[in-house]
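Colleague: Once you've had a glance at the structure underneath, I'll fire off some questions.
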Amino acid sequence: MLHVITVTIGATVPTGFEHTAAEEVKEKIGVEARISKDRGRIYFPITTDKLFQVHLLRSVDNLFVVVEEYDHYQFKQSKEETLMELQQLASKLPWTNALEVWKLNGTLKKKKGHRKGGSTTKVKPSRNTADVAAADTEQQLHQVVSAAESHLEADSAADAEPCEQDSQEAAPEARVIKFRVTCNRAGDKHSFSSNEAARDFGGAVQEFFQWKADMTKFDIEVLLNIHNEEMVIGIALTEESLHRRNISHFGPTTLRSTLCYGMLRLCKPQASDVILDPMCGTGAIPLEGAIEFSSSFYIAGDNNDMAVNRTVNNICHIQKRRADKGRISGLPIDTVQWDLCSLPIRTSSVDIIITDMPFGKRMGSKKKNWDLYPLCLREMARVCRPGSGKAVLLTQDKKCFAKAISRMGGLWRKLHTVWVNVGGLHAGVYLLKRTGAVFGQTPEDVHESRGMCNTQGDEKEDKELS
Ligand SMILES: C[S@@+](CC[C@H](N)C(=O)[O-])C[C@H]1O[C@@H](n2cnc3c(N)ncnc32)[C@H](O)[C@@H]1O
């Protein structure tokens, strides 16, 4: 039986959605998460028997296990002294439990250690887990590492060809664990660069463990996260950000699935809700909804035929993946090509509208947004149920959105805004509530007719811009 240990897990999350992620951790793992001052990170304790649940979280991008954390690390004034101290730190850190979790994690990974373009080593649980994980002595640490090494070795041999070669006889180079150190640094009071910190700390890690540095085909990624005075050393548990989970056919502005999940949670989908993404692009939002909140029904539409094709392909890809795993039920989602300003949908029939509007930068133009946004809010108000309907709208064109919404006061009420970072752009996720006003009877909607928004060709423009 595996020995259970308690460790701290760190997770990067879409900035602005840290509280949503903490809420999900509480709901699914039952522990309180701490939100780092460094926006976009949360930390929470788990026992190793819960490790698989961590991989089921939908709001996290990357996961790591914490080796050590310092809230107020006193970096030295000079670069030389600081780098020397980082080198000395490598051999003093309590690596044992984190390495144990890294090893266990290898057994949980779907692709079982097959790093993209990287090492083909697999990691199996140590037979000695109970013996080696109890305390934090250097001797035990080396036991953990050598257990991992021997498994890497055995698996490398097994991967190569089905021979009966004893792991002891495997090629010496197969025994060496490959690693890299990645330093993420923020703050202007440091005398060193992230490259220098990664290089010097990495050199000391290499010497201490006798691992081999490899920037691309690594088995272990050691993380050195420095934010002002805060320093966290961790070991990565994800090879690729979990935000890429649903999309196989990317578009020019595909939204991260983790951000889509955060937006969906904001509007709390209920069973049998009809949920619309009228500008779906690649379908990232409704697809995440159909997978994670599958008791609602999703309609994904876009006026661009390339976008509609991508959505259909993304849905088919997921359906196939599910069918291959023996799941027979389809996803509750339909796709339509339409102009959002004139939706083929009955008045007051939709519960939730959730969409990522053209920012006017990479998609569409700011000029077009002045026409598009008011028309769009009006048509959304028509199809959305008065009194109970909601909308969650993402845009970076805050000025245009503020103006459009101010003209729609009778139809929409702004409840809450979450500020997020989308590809380096500061954007708002606006949670709106449909007022009880009947459509067609407020000054906002009787004076202006429903028009067609000519935004076709945006994608072409976008390509030219990028
Ligand atoms: C920011 S993108 C959406 C990206 C999407 N969330 C994704 O993850 O791929 C905005 C989308 O709005 C669509 N669009 C612009 N004007 C439209 C209109 N009048 N009717 C329907 N879709 C429109 C564009 O074709 C584009 O796909």
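Colleague: Which of the pairs K26/K403; K28/K103; K50/K79; K28/K390; K50/K361; K212/K325 have their Cα atoms more than 31 Å apart in this structure?
Modeller: From K26/K403; K28/K103; K50/K79; K28/K390; K50/K361; K212/K325, over 31 Å: K26/K403; K50/K79; K50/K361; K212/K325.
Colleague: Could you rank the peptides 348-354, 187-193 by their average count of other C-beta atoms within 10 Å per residue, with the highest value first?
Modeller: Sorting 348-354, 187-193 by mean packing, highest first, produces 348-354, 187-193.
Colleague: Give the dimensionless ratio obtained when the Cα radius of gyration of region 235-275 is divided by 2.2 N^0.38 Å.
Modeller: So region 235-275 has a normalised radius of gyration of 1.48.
Colleague: For each of V66, V429, count neighbouring Cβ atoms within 10 Å of the residue's Cβ, then give the residues from fewest to most.
Modeller: Least crowded to most crowded, the residues run V66, V429.
Colleague: What order do you get for T253, T355 when you list them from fewest to most C-beta neighbours inside 10 Å?
Modeller: Taking fewest neighbouring Cβ atoms as first place, the list is T253, T355.
Colleague: Where Lys and Arg each count +1 and Asp and Glu each count -1, what net charge lies around V4 among other residues with Cβ under 12 Å from its Cβ?
Modeller: Here the charged neighbours net out to -1.
Colleague: Separate question: Of all the C-alpha pairs in region 245-465, what % are more than 27 Å from each other?
Modeller: When every Cα pair of region 245-465 is considered, 26 percent fall beyond 27 Å.
Colleague: Between region 279-334 and region 195-210, what is the separation of their alpha carbon centroids in Å?
Modeller: 45
Colleague: Take T442, T96 and order them by how many other Cβ atoms sit within 10 Å, fewest up front.
Modeller: Result, fewest neighbours first: T442, T96.
Colleague: Taking every pair of alpha-carbon atoms in region 222-334, give the share separated by more than 16 Å as a whole percent.
Modeller: 64
Colleague: Moving on. Using 18 Å as the Cα-Cα cut-off, could you pick out the over-long pairs in K367/K398; K368/K398; K368/K433?
Modeller: Pairs exceeding the cut-off: K368/K433.
Every read-out reported here was derived from the displayed coordinates using simple, explicitly stated rules and does not represent laboratory data. Model, not experiment: these values are computed from the prediction. A quick note on method: Cβ atoms are made from the backbone with ideal geometry, for glycine too, and the neighbour counts reach across all protein chains shown.
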